[in-house]
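> Here it is, the structure in full.
The values are calculated or read from the model by the stated rules, or taken from the named source; none is laboratory data. Computed from a prediction, not measured in an experiment: that's the story for all the values here. Neighbour counts are summed over all protein chains in view; Cβ atoms, including those assigned to glycine, are modelled from backbone coordinates with ideal geometry. With ligands, DNA and RNA removed, areas are computed over all heavy atoms of the protein, side chains included. Shrake-Rupley method; radii C 1.70, N 1.55, O 1.52, S 1.80 Å.
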Amino acid sequence: MIAVIGGSGMKQLPGLEVTHRQMMRTPYGEPSSPLIFGTINGHEVVFLSRHGHGHTIAPHMVNYRANIWALCTLKVRCVIAVASVGGIRANLTPGTIIIPDQIIDYTYNRRFTYFEDTDRQVVHTDFTQPYCTDTRTRLLESARQAGEKIFDGGVYAATQGPRLETIAEINRLERDGADMVGMTGMPEAILARELGLSYATIATVANYAAGRGDSQDSIPLQAVFATLEKSMVNVRNILNHLVKN
Ligand code: HPA
């Protein structure tokens, strides 16, 4: 079974024929929202809304450990994280879809590991390739089949939020090698890796990052909603193919 974690642009999974909903408990607390089970073209999918029903959970308050643990106990093996990002690299204009291949983590004060308060021996989890290579390939192949334009690879900078960045911060992220910036990529990716789940992100560019594009004064947030709504049609098309592959 495939799991889809939906972000700001995806509060529900269009096209999912819902069979049931289930609130779960984990040793780490409750996930962001009930898990929604259903099928897409006859294939089983479970959906989890990262920011909760009504989008009330800020990126730094998401219970990433409970979310990933819940999916793991459901015997999900493949997790597709849908995330909206700000575009730093010049060709990452609003509406672009990109499958990142690297991460830089700037978040802090988040519960970022399962190796805490346990008697289990600590494992230094390999994170050389932070996303599952096979799942990335499946996403890229599904996009090709769906006829959707998609960028292969890019560095995702995970910032703390919930505020957006300053121009100087975005300049620094760019110097560090980041192509896009978002607030939820970490610790989600490492927690999935710690539990052995195959995890990849499909990112949609919601806006130019601060100081990019035409506006030097502010990020034009009015346009974000419409941009995300449009890209979700493309994401859904890609996911429709992914479940078959
Ligand atoms: N910065 C951080 N996270 C984001 C942005 C941004 O500009 N856009 C969407 N998520």
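> Per residue of segment 93-110, in order, report the coupling 6.51 cos²θ - 1.76 cosθ + 1.60 (Karplus, θ = phi - 60°) as ³J(HN,Hα) in whole Hz, putting x for Gly and Pro.
Per-residue couplings from phi come out as 8, x, x, 5, 10, 9, 9, x, 10, 9, 9, 10, 9, 10, 7, 8, 6, 10 Hz.
> Once the other residues with Cβ under 15 Å from the Cβ of A209 are scored (Lys, Arg +1; Asp, Glu -1), what is the net sum?
-2
> Find the relative contact order for segment 61-177 and round it to a whole percent, using C-alpha pairs within less than 8 Å whose residues are 6+ positions apart.
Rounded, it is 39 percent for segment 61-177.
> Just the number please: accessible area per residue for the chain, 1.4 Å probe, all protein chains included, in Å².
47
> Give a quick list of chymotrypsin sites (Phe, Trp or Tyr not before Pro) in segment 73-158 that DSSP marks as loop, anything other than H, G, I, E or B, with at most 15 other Cβ atoms within 10 Å.
Those satisfying the criteria are Y108, F115, F127.
> Right, something else. Share of segment 1-105's accessible area from carbon and sulfur, percent, 1.4 Å?
51
> Right, here's the next one. For a quick check: with amide H placed at 1.01 Å from N, whose amide H comes under 5 Å from N63's, ignoring anything fewer than 5 positions away on the same chain?
Sorted by chain and number, the residues that satisfy this are S32.
> Turning to a different aspect of this structure: I want the local charge near G86. Using Cβ-Cβ distances under 15 Å, sum +1 for each Lys or Arg and -1 for each Asp or Glu among the other residues.
In short, -2.
> While we're here: Which loop trypsin sites (Lys or Arg not before Pro) in segment 155-222, with loop taken from DSSP, have no more than 12 other Cβ atoms within 10 angstrom of their Cβ?
R163
> Still on this structure, please answer the following. What is the chain's relative contact order, in percent, from Cα pairs under 8 angstrom and six or more apart in sequence?
Once normalised by length, the contact order is 27 percent.
> Hey, can you grab everything whose amide H is under 5 Å from the amide H of L35? Only 5+ residues off in sequence or another chain; H modelled, so Pro and N-termini drop out.
It is Q22, M23, M24, by chain and number.
> What is segment 1-123 by shape, rounded, prolate or oblate, if you read a ≥ b ≥ c off the alpha carbon gyration tensor as root eigenvalues and call it rounded for a/c under 1.5, prolate for a/b larger than b/c, and oblate otherwise?
oblate
> Segment 54-119: which trypsin sites (Lys or Arg not before Pro) are DSSP loop and have at most 11 other beta-carbon atoms within 10 angstrom?
Within segment 54-119, the qualifying trypsin sites (Lys or Arg not before Pro) (loop, at most 11 other Cβ atoms within 10 Å) are K75.
> Follow-up. What ranking, highest mean first, results for peptides 48-54, 38-44 when packing means the other Cβ atoms within 10 Å averaged over each residue?
In decreasing order of mean packing, 48-54, 38-44 become 48-54, 38-44.
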